[in-house]
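To keep things clear, I will list the structure first and then write my remarks on it.
The values are calculated or read from the model by the stated rules, or taken from the named source; none is laboratory data. Since the structure is predicted, the reported quantities are computational estimates derived from the model, not experimental observations. Note that we place each Cβ from the backbone using ideal geometry, even for glycine, and neighbour counts take in every protein chain shown. The protein model used for the area step is the full one, side chains on, heavy atoms only, and it has no ligands, DNA or RNA in it. Shrake-Rupley method; radii C 1.70, N 1.55, O 1.52, S 1.80 Å.
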Amino acid sequence: MTWTEMQPLLYDNTLDTLFMVWWSTFYAVLFGIPVGVLLHLTQRGAVLQNVVVNKVLGAIANIGRSFPFLILIVVLIPFTRLLVGVSIGPTGAVVPLALAAIPFFARLVEAALREVDGGLVEAAHAMGGGTWTIVFKVLLPQALPALIAGVTTLVIQLIGYSAIAGAVGGGGLGNLAYTYGYQQYETSLMIATVVELILLVSLVQLLGDLVVRRLAGRGTRSSSLRVGLRRARAEEPAAVTEAA
């Protein structure tokens, strides 16, 4: 197969891959962040400590992450058809991709929030901050570099999953490699597909690292916030004593 013949195939299937990865990433972030935040807030010693809720959510996340993706696609065929009207093609692949990605990203969010300095949370709580204030003013802003790194990992994971989905009718570069490269022995097209996937992953990693470095460079602002909150917490007992 010549390069001229390969170009339209690569272009169309690249768009299908980007479609699957974009929408599955969108839904994974949309639902994964709340689940990850709830996992963090309900653990022992946290603001909303609730062992039962934490264990149930954790078990669901673990089950979702342990499912082999190929089996998950097959199991979800009836649900996918009910939800979006089709079970194959890029649109049909978004459903299993998103459902596989949500628990994965939720655990990444939980891990990112766990790295936030507990002193900041205590200080915000001591100053009268409620749960929403702690989440949106302390936890998420302080964990933003780690969250961006998690999104980068998520997108790379979904690029790989989309290739698997393509091999079973999901479309995209995986379908192209399987249909033409494997079944029709078009080695040149197979190599071009693999190279493009490598380039996609490398580009995502490069952009993700760039954003994380820029956010990490704003660490002085985080340090100022930390010092300010701790100073306010330290001065609070003195103010109470003077008032008495």
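Determine the equivalent ellipsoid of the chain by diagonalising the alpha-carbon gyration tensor, then write out the semi-axes as square roots of 5 times the eigenvalues, largest first, rounded to whole Å. Spell out each step's value before the answer.
Working: eigenvalues 403, 89, 24 Å².
Ellipsoid half-lengths, sorted descending, are 45, 21, 11 Å.
So how strong a dipole does the chain carry about its Cα centre when Lys and Arg Cβ are +1 and Asp and Glu Cβ are -1, to the nearest 20 debye?
The calculated dipole for the chain is roughly 740 debye.
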Original post:
Mind checking the angle between helix 187-216 and the chain's longest principal axis? C-alpha axes, 0 to 90 degrees, to the nearest 10.
Top reply: 10 degrees
**OP:** Using just the helices of the chain, give the 222 nm mean residue ellipticity in deg cm²/dmol: DSSP H runs with n ≥ 4 each add -39,500 (n - 2.57), and the total is spread over all residues, rounded to 500.
**Re:** -26000 deg cm²/dmol
Subject >> Separation of the V53 and E115 label points, Cα + 7 Å toward Cβ, nm >> reply: 2.6 nm
**OP:** Mind pulling the angle between the C-alpha long axis of helix 3-41 and the longest principal axis of the chain? Nearest 10 degrees, somewhere in 0 to 90.
**Re:** 30 degrees
**OP:** Using only Cα atoms, tell me the angle between helix 51-66 and the longest principal axis of the chain; keep it within 0 to 90° and round to the nearest 10.
**Re:** 20 degrees
Original post:
Rg to Rh ratio, segment 158-201, alpha-carbon atoms and Kirkwood radius?
Top reply: 0.95
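Ignoring ligands, DNA and RNA, what accessible area per residue does segment 14-103 give at 1.4 Å, in Å²? Present the calculation step by step, with values, prior to reporting the outcome.
Working: 4820 Å² over 90 residues.
Spelled out: the 1.4 Å probe surface of segment 14-103, per residue, equals 54 Å².
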Subject >> Bins of 5 Å from zero: percent of alpha-carbon pairs in segment 27-78 >> reply: 4, 19, 21, 21, 17, 10, 6, 3, 0
**OP:** Name the longest site-free stretch of the chain, where the excluded sites are trypsin sites (Lys or Arg not before Pro) in a DSSP loop with no more than 14 other beta-carbon atoms within 10 Å.
**Re:** 45-217
**OP:** Ignoring everything but the protein chains, give the 1.4 Å probe accessible area of L83 in square angstrom, nearest 10.
**Re:** 110 Å²
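How long are the three semi-axes of the equivalent ellipsoid for segment 91-232, computed from the Cα gyration tensor as the root of 5 times each eigenvalue, in whole Å, largest first? Mind dumping the intermediate values first?
Values: eigenvalues 366, 55, 11 Å².
Value: 43, 17, 7 Å, ordered largest first.
Between W132 and V84, how high is the FRET efficiency from 1/(1 + (r/R0)^6) when r is the Cβ-Cβ distance and R₀ = 30 Å? Nearest 0.05.
E(calc), rounded to 0.05, equals 0.35.
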**OP:** Identify the residues of segment 65-106 with backbone N under 12 Å of a label point that sits 7 angstrom from the Cα of Q183 along the Cα-to-Cβ direction, or state none.
**Re:** none
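Could you please tell me the mean projected area of the C-alpha convex hull for segment 57-155, averaged over all directions and given in square nanometres to one decimal? Don't skip to the end; give the middle numbers.
On the way: hull surface 30.8 nm².
If you wrap the Cα atoms of segment 57-155 in a convex hull and average its projections, you get 7.7 nm².
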